[in-house]
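Read the figures in this text as sums done on the coordinates, not as results from a lab. Because the structure is predicted, anything quoted here is derived from the model rather than measured. Note that we place each Cβ from the backbone using ideal geometry, even for glycine, and neighbour counts take in every protein chain shown.
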Amino acid sequence: MKKKILIICANYYNNISNGLMTSAKSQIPKNCLIKTINVPGVFEIPVTISRNLNKFDAFIALGCVIKGQTPHFDFISQASTNAIMDLSVNSKKPIGNGIITCLNMKQALARKKKGAEAAKAVLSILSQK
């Protein structure tokens, strides 16, 4: 049976999210059905997963948060991470967290392959008996 995987990608930093998406998709086998949904920012990822919990076997959350001059970075990073973990544990479905949190754009550009790590983590959990 084909596994259905939903990739939710926050495209606030489009050049970063494109790299995350490409690296994630490169790890998913052809026998999986992949759907992607783009959202404006990482804060919208958990609700999108929640709305689709019964339709997919696994999820991959992709996006980027770059620290600015206000505490917004800390609030968004922590809130999205906590919500994703809660959704995964409560639904017993794997959610790969490929949301990168960086201090600047240079760091973000260097971590665009983080999507692959999130995809590998999801596939590892899906393969468990």
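Over the alpha-carbon set of the stretch 4-126, work out the extent along each principal axis and list the three values in angstrom, largest first.
Principal extents (Cα only, largest first): 42, 28, 21 Å.
Along the Cα→Cβ direction, 7 angstrom out, place labels at ASN52 and SER77. What is the inter-label distance in nm?
Here the modelled spin labels are 2.6 nm apart.
Given the DSSP H assignment, sum -39500 (n - 2.57) over each helix run of at least 4 residues in the chain and divide by its residue total; what's the result at 222 nm in deg cm²/dmol, nearest 500?
Helices in the chain give a 222 nm mean residue ellipticity of -14000 deg cm²/dmol.
Just ALA79, ALA61, ALA116 to compare: in a GNM of the chain, with alpha carbon springs under 10 Å, which one fluctuates most?
For the chain, modelled as a Gaussian network with Cα springs under 10 Å, the answer is ALA79.
Taking amide H atoms as placed 1.01 Å from N in the peptide plane, list the residues 5 or more away in sequence, or in a different chain, whose amide H sits under 5 Å from that of ASN11.
For ASN11, the qualifying residues are VAL39, GLY41.
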